[in-house]
1. Could you figure out which of (1) over 17 Å from VAL32 (Cβ atoms); (2) in contact (Cβ under 8 Å) with a residue 12 or more places away in the chain isn't true of LYS52?
2. Just give me the residues in region 40-73 being part of a loop (DSSP other than H, G, I, E, B) and either open to solvent by 90 Å² or more (accessible area, probe 1.4 Å) or within 26 Å of ARG14 (Cβ to Cβ) (or both), in sequence order.
3. Kindly establish whether ALA36 is crowded, with 20+ Cβ neighbours inside 10 Å and modelled with pLDDT of 70 or more.
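The values are calculated or read from the model by the stated rules, or taken from the named source; none is laboratory data. Note that the coordinates shown come from a computational prediction; the quantities given were computed from them, not determined experimentally. Here Cβ is always computed from backbone atoms with ideal geometry, including for glycine, and neighbour counts include all displayed protein chains. For the accessible areas, the whole protein counts, side chains as well, though only heavy atoms, and no ligand, DNA or RNA atoms are used. Shrake-Rupley method; radii C 1.70, N 1.55, O 1.52, S 1.80 Å.
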Amino acid sequence: MDESDALEVSAAVRKCKDLRMNIDEERKSDGVTPLAVAVKRGSVAVANILIKNGAVADRALDDGSTLLWMASKIGNIDMIKVLAEAGAKVRVF
């Protein structure tokens with residue numbers, strides 16, 4: 001993701017806030033949040049923007065997995081750090 005993409009995401013987040021939309025709202029179809037999509041795609045810059053604007057890092061998905069688990073599964077160390085610093089907790093099952 002380049003700087004223009006980050007600026008575009010920031011603008012979209014501001015618009016959501018202006019419209020009083022919940023940046024952490026789950027999609028009705030599958031329960032996925034914008035942050036979960038960013039984690040899955042490995043978009044650390046987008047994840048940072050979403051977290052700074054209220055997205056919850058310590059969230060379990062519908063299947064019981066967590067965003068931290070998802071980041072570790074794909075081996076994205078930078079994403080793991082972002083999520084951990086934002087309060088995501090390690091869960092052992």
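1. (2)
2. Here is the first cut: in region 40-73, the residues part of a loop (DSSP other than H, G, I, E, B) are 42-43, 53-59, 61-65.
Within region 40-73, GLY42, SER43, ASN53, GLY54, ALA55, VAL56, ALA57, ASP58, ARG59, ASP62, ASP63 meet the criteria.
3. Yes.
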